[in-house]
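Have a look at the structure below before the remarks.
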Amino acid sequence: VQLVESGGGLVQPGGSLRLSCAASGFTFSMYVLAWYRQAPGKQREFVARIPYTGTIIYADSVKGRFTISRDNAKNMVYLEMNSLKPEDTAVYYCNNMGGTWKWGQGTQVTVSS
């Protein structure tokens with residue numbers, strides 16, 4: 001399994017970013033995929049999950065601001081982030097639900113004025 005995250009950057013509070021995750025090495029349609037994040041000095045935490053079909057779930061802290069999606073034809077997972085806050089600053093990772101695959105390098109998101 002290979003996971004490659006991209007799309008992070010520096011953005012002002014209230015701004016937006018779109019993260020991408022390119023996945024390979026497994027049957028994409030069989031897995032619930034998720035985004036996680038890890039802020040400095042904190043444990044990695046769940047952000048959002050998306051099954052092939054079915055219910056999408058978000059962490060309360062991002063509900064209404066973030067949107068997870070997937071393109072099953074391209075083996076891609078996305079995270080659209082709007083109304084960003086300084087507390088969203090973290091390295092963002094994609095993985096399966098449960099985080100059992102080897103973690104990618106992540107993509108840094110910094111929200112600061």
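In percent, what relative contact order does the chain have, based on Cα pairs under 8 Å that are 6 or more apart in sequence? Intermediate results must be reported in sequence, preceding the final value.
Values: 264 pairs, mean separation 42.5, N = 113.
Averaging sequence separation for qualifying contacts and normalising by length gives 38 percent for the chain.
Label-to-label distance, residue 24 versus residue 59, with points set 7 angstrom from Cα along the beta-carbon direction: 2.9 nm.
Counting only lysines at least 8 places from residue 85 when in the same chain, those with an alpha carbon closer than 24 Å to its own are 42, 63.
Using a probe radius of 1.4 Å on heavy atoms only, what accessible surface per residue do you get for the stretch 31-113? Whole Å² is fine. If you can, show how the numbers build up before the last one.
Values: 4300 Å² over 83 residues.
In whole numbers, the stretch 31-113 has 52 Å² accessible per residue.
Chymotrypsin sites (Phe, Trp or Tyr not before Pro) within the stretch 1-38: which are DSSP loop residues with at most 14 other Cβ atoms inside 10 Å? Let's see the in-between values first.
Details: sites: 26, 28, 31, 35, 36; in loops: 26, 31.
Sparse-neighbourhood loop chymotrypsin sites (Phe, Trp or Tyr not before Pro): 26.
Electrostatic tally near residue 56: other residues with Cβ closer than 11 Å to its Cβ, Lys and Arg +1, Asp and Glu -1, net +3. Carbon-plus-sulfur accessible fraction, the stretch 36-112 (probe radius 1.4 Å, protein heavy atoms only): 49%.
The values are calculated or read from the model by the stated rules, or taken from the named source; none is laboratory data. Please read these numbers as outputs of a predicted model, since none were measured by experiment. Reconstructed Cβ throughout: ideal geometry from the backbone, glycine too, with neighbour counts over all protein chains shown. Heavy atoms of the whole protein, side chains included, go into the accessibility calculation; ligands, DNA and RNA do not. Shrake-Rupley method; radii C 1.70, N 1.55, O 1.52, S 1.80 Å.
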